[in-house]
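Structure first, commentary second.
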Amino acid sequence: VIWAVGVNYDSSTLKEWEYIWAYLSRNDFELVRALGGTVTQKYNSPNSGNLRVVAEWGPCTNGRTARTVITGKSSSNEISLQGEEVFDCILSEAAEHDERVFRKYLETRCQRIIFPTTPKRKALWLYELTQRGLDDPKLGVEEIFYTRECNPTYDMGRYEAAKARSAATYGDCANDPEFMEQFEGEWVFHEGKVLPFRWLDTGNLRSHVVSESDPRWPEIKDWIPYADHVVSLDYGYTDPAVAHFTAIGPHGQMLQYDEIHAKLLSHQEFVDRCRAKEREHGIEVALWVPDPQRPEITKLLRHAGLPIFTGLTSAIHRDRASSSMALVDLLSTDPAVGSPRLLIHARCQQTIREWKQLRRKEEVSDQWGSAALVGRDDHFDAARYFAKACIRYKASKRLADEQWLDTHYKSMRLRHAREASLRRWGGVSQARL
C-alpha cells in the first residue's frame, strides 16, 4: 500500500500523485505490463477524490494474490487516513501540512514517510524533525537535498531570472533569504532571528566567521599570542556536550577558535576531552566556565586544580534574558571599532550551523525562554555562559570595561616591554624569542 497525501485533492497540493499517474499511465500502463503485472483499477478523478491505481502480480507462495495499491489522499479528509498499514507514504508539499496529521495518523501506520517540500517558516515541526535526525542517527531521519539538475523538466529560465533579481537587490543572491529558501532549499527562517550572527558579508557589514584566508586574520594573528583563553561548557549526555574555546585579546578582541560537540560522554570523559583539546592547542586555559546546572562538572574541574569561574549560579542560569543579551552585545557591531567583539573561526561548524538556524517562535511571552526557541540551543547556551562570565568577572573588579582589560593585561604588556628592551641589548637569545 502506497499513499500520496496532499492538503486536498487538487493537483497544486498533490503533485506527487500527478507525477505517479503520468508515469504509470503512459502507453496504457506499459510499465506494469512489462513487469508482469495487470492493472485492475485505475481512477484519476480529483473532483470526487477518487485517485487509485491497483496492479496485481499473481499469487504469492501462500496462495494469496500480490497487489500494489497506490492511492491519492487528502489530509483535509482525516477519516480517510485511518485503518490500514502503509508501506510508503509521500506527504506532498509537506510544509503545508499540520504536524498533527503526521503525528496522529501517518507516524503510527506508515513504515516509511517521504516529505518532499521547500522549507517554509510554518513547517517548524518538520525542521525540528530533521534536526533531531541529525543529532541522533538511530531515529532514521535523513535530510536529502536534490539539485535542480535532477529534474529534467525544471524551469532553468525562471531560476536564472530570480537569481538575477536577487543579485541586483542584495549584491549576492546568498544574502537573499527568500531566494535561498524557495530556490536553494535552505532552512533560512529569515524572520525571528535570535542572534545578530552573520555567516556571510552583507553590504558594509562583515561576516562573524573568519579563517586564515580572511583579510582580518593578520590582525588577529598579532594579538592571539597575548590572549587569555576561556573555555565555556554546556553539558548533555543524550543531548550534545558542548565546549567553546575562546581567546580574549589585550583590548577586548574575542575569537572562538575551536569547539567540542559530542554525545554520550560521561562527565569525566567530557572533561578529559576538553583537557586534550587544551593540550592540542598548546595553551593554558585562564578560566573555565562550567555549566551552572551541572555541579558534577564543576567538581571535576576543581579536583583537577583548574581555575573555575563560579559566579554563575542556578538563578543566573534561569535568567536567560540577561546572559542572552550579553551575547547579543558581543555579536553586535561595536561603534568604537566598527566590528563585533566576538568572531567565530570557520572550523567551529556546529556553532555556525546552530546560530544560522536558531529562530524564535511567534507570539511568545518569554522571548528568551528555551521553549520560545526553535532548533538546538546547546552552543547558544555555552556562548551566553561565556558572555555572562565576562560581565560578572569584570563587575567583580569594580572596573569599567576597558579599565578591566588594561589591568588584566598590564603584567603581560610589561613583560613584553622588558623582553623588547633586553633584545635591544642582546640579553635574550633568538630561541627564547
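Laid out as a table, the results:
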| read-out | value |
| --- | --- |
| Residues of segment 67-94 with amide N under 19 Å of the 7 Å Cα→Cβ point at L24 | 67-75, 80-82, 84-93 |
| Packing-based ranking, highest mean first, of 18-31, 99-112, 243-256 given that Cβ atoms within 10 Å are counted | 243-256, 99-112, 18-31 |
| R0 of 60 Å, Cβ-Cβ distance Y159-H303: FRET efficiency to nearest 0.05 | 0.50 |
| Links that overshoot a 26 Å alpha carbon limit, given the list K299/K388; K15/K193; K120/K388; K42/K104; K104/K193 | K15/K193; K120/K388; K42/K104; K104/K193 |
| Ordering of 222-232, 159-169, 288-298 by packing [mean C-beta count within 10 Å, highest first] | 288-298, 222-232, 159-169 |
| 14 Å reach of a label modelled at L200, 7 Å along Cα-to-Cβ, counting backbone N of segment 148-180 | 163-180 |
| Segment 1-59, dipole about Cα centre (Lys/Arg Cβ +1, Asp/Glu Cβ -1), debye to the nearest 20 | 60 debye |
| Prolate/oblate/rounded label for segment 106-248 (Cα gyration tensor, a/c 1.5) | oblate |
| Charge-dipole axis of segment 1-100 as Lys and Arg at +1 and Asp and Glu at -1 on Cβ define it, positive-most pick from V5, T71, S92 | T71 |
| Sum of side-chain charges, E259 neighbourhood, beta-carbon under 12 Å (Lys, Arg +1; Asp, Glu -1) | 0 |
| Separation in nanometres of the label points that stand 7 Å from Cα toward Cβ, at S213 and Q41 | 5.8 nm |
| Span from the segment 324-360 Cα centroid across to the segment 286-306 one, whole angstrom | 25 Å |
| Contour minus Cα-Cα distance for A276 and N151 (0.36 nm per residue) | 40.2 nm |
| FRET efficiency for T68 and S332, using Cβ-Cβ distance with R0 set to 56 Å, rounded to 0.05 | 0.45 |
| C-alpha center-to-center spacing [segment 78-100, segment 234-279] in angstrom | 42 Å |
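None of the figures in this text is laboratory data; all of them are computed from the coordinates on show. Note that the structure is predicted; figures quoted are calculated from it, not measured. So basically every Cβ, Gly included, is an ideal-geometry build from the backbone, and we count neighbours across all protein chains shown.
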